[in-house]
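Every read-out reported here was derived from the displayed coordinates using simple, explicitly stated rules and does not represent laboratory data. Just so it is clear, the model here is predicted, and its values are computed rather than measured. Every residue, glycine among them, receives a Cβ derived from its backbone with ideal geometry; neighbour counts consider all protein chains shown.
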């Protein structure tokens, strides 16, 4: 008997993909339940960056609880297998499997599935989570071919968290490399260019999927990944008529091609906006039609990402709190904050999503009698926590909360000088962020 994470009994391999393999399993404390355990590929799991993504992001994606998203139930690193994601088991076929049998789907069916997809994406994006690897193989179709057909989005487990920008040590020091995460056939030009990626990368992938379902062909059906990615960057998708598809509304083609725009601002701004545009094109409200039963009963949407800033000021009188706002992509914020820390000769203590911690050392005059007599100086430290939040993942508006405090909680000898140093550091940060 093979155990995973010490609490799931493996029942066999369900499939293998680019990131690893999926196994059916059952919890030892609930043997009547079936779950899916996804195990990262060994060579990916052994890289520090893969483990960093895994540990950082699964704690956030576990909060996604929506009828059109496969739920992440548990996660951890198994001693033998490596990083594992435990997902709810959803019976059905992937859209990829369905398109192999039926390359072109009827318009009403595409519209209903698009409604489900837009609902799921809007819920995730509103919580600050992007998929970044959306494709037919990650869409599970339940009750396929029946009037109750719907889909669930899989594999949000390695999504990027957007509302809590992550400024890694490598990126702050300028040695980080651009990593394009995604499947070549569905990857957005933004990811390939190394731009800051937001929810509209998922809108692009949705456009590719809609194009396939409606025309029976990929917009760029080239034999090599290099050729496909080059086309994503530079080529115009063929018109539907060039695929010998002439029975669909022209307005629908316009919406799909807008999703496939090379630059994010030219695409629908959100999944909800995409649903509105598709509804106008097909002649019925796909958003209203595909509202999940659970949502109709609850009459409430998913909560957005939680606010990282406390409403009450810190109790410690030596804590100095400032807030700042900057309009810039994460990539620019990395460069500017990294330059600030380098110029101030600060020690970078810790980074995690939404948080950066640093320490500043300053030479201050000694306050003792002999210290003043001989004009001696001593080292005094100031610690800084920078909380970062992006309230709207589709905008470049970045809010920073800066909490200064004495290193080690030691009360400064020169109290007025301490507060002046905190104000000086804040003024310098603002200069870098302008």
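Show me 407-416, 338-347, 272-281 ranked by packing, highest mean number of other Cβ atoms within 10 Å first.
Answer by packing, highest mean first, reads 272-281, 338-347, 407-416.
Gain on full extension, evaluated as 0.36 nm per residue between residue 89 and residue 32 minus their Cα-Cα distance, stands at 19.3 nm.
Working out 0.36 nm times the residue gap between residue 148 and residue 266, then minus their Cα-Cα distance, what length gain in nm do you get to one decimal?
Difference between extended and current length: 39.1 nm.
Can you figure out the FRET efficiency of residue 392 with residue 247, using R₀ = 45 Å and their beta-carbon distance, to the nearest 0.05?
Working: r = 39 Å, r/R0 = 0.86.
So, using R0 = 45 Å, E works out to roughly 0.70.
With a Förster radius of 51 Å applied to the C-beta separation of residue 13 and residue 323, the computed FRET efficiency comes to 0.50. Packing, as the average of other Cβ atoms within 10 Å across residues, places the peptides 217-224, 114-121, 284-291, 68-75 in the order 114-121, 68-75, 284-291, 217-224, highest first. Each peptide in 133-142, 239-248, 3-12 receives the mean, over its residues, of other Cβ atoms within 10 Å, and ordering these scores from highest gives 133-142, 3-12, 239-248.
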